[in-house]
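The values are calculated or read from the model by the stated rules, or taken from the named source; none is laboratory data. Quick caveat: nothing in here was measured; it's all calculated off a predicted structure. Calculation scope for accessible area: heavy atoms of the full protein, side chains included, ligands and nucleic acids excluded. Shrake-Rupley method; radii C 1.70, N 1.55, O 1.52, S 1.80 Å.
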Amino acid sequence: YGARTRHERFGGGVCGIVALTLYGPTTPPERNTKRMPELQELTIDHREMVEARLEVHPPQISEHTFTNLYMWRGDRRICFLDASDSLLLVTERDEGIVLFGPPVGPASVPEAFVLLTRYSDRPVLGAERLPESALDTVRGVGLEPQSDRDNADYVYRRRDLAELPGRDLSAKRNQVQQ
């Protein structure tokens, strides 16, 4: 992760953000000692709950389907926190946790950071796979998004895929003709 001084815009953009500056020089809020939501690892038993939430709050990114989340759990450990009427999907890393896409529910991305900090014992390292629609709220708390072209969702015209016109698609056209 690294801060960028500008945001590179592109169609269907997905961004990662730096969250280490969320609280700046101050400390995170105190953990609540009452019965707290817990960070849970995603299992097949959570399928109906996740799909019901996604039906009410349709995903903004392609990774937010139960099938996709569950299928890739071997590559990245997916956990979730059910708090404040929102489902927060996170990936676990050795150093801490990363918000994986926008919250599924009414919570904003900055609110998700506060909830994750409050209810998790792990440091919140940042967020990834955020759609462009979430960027203004992220900037509003002093964080600068960083483009993540390798994980962007792309939309192609059907004609372009069928015909593979132009110099930019010549390599693909040659592969198809072989």
* **Rg in Å to one decimal, and Dmax rounded to a whole Å, for segment 36-178 via C-alpha atoms** => 17.9, 58
* **Isotropically averaged projected area of segment 50-134, using the convex hull of Cα atoms (one quarter of hull area), nm²** => 5.2 nm²
* Asked: For MET71 and ARG149 in one chain, what is 0.36 nm times their gap in residues minus the Cα-Cα distance, to one decimal in nm?
  -> 25.9 nm
* Subtracting the Cα-Cα distance from 0.36 nm times the residue separation, let me have the gained length for ALA162 to GLN175 in nm, one decimal. => 3.3 nm
* Asked: ILE61: accessible area at probe 1.4 Å, nearest 10 Å²?
  -> 10 Å²
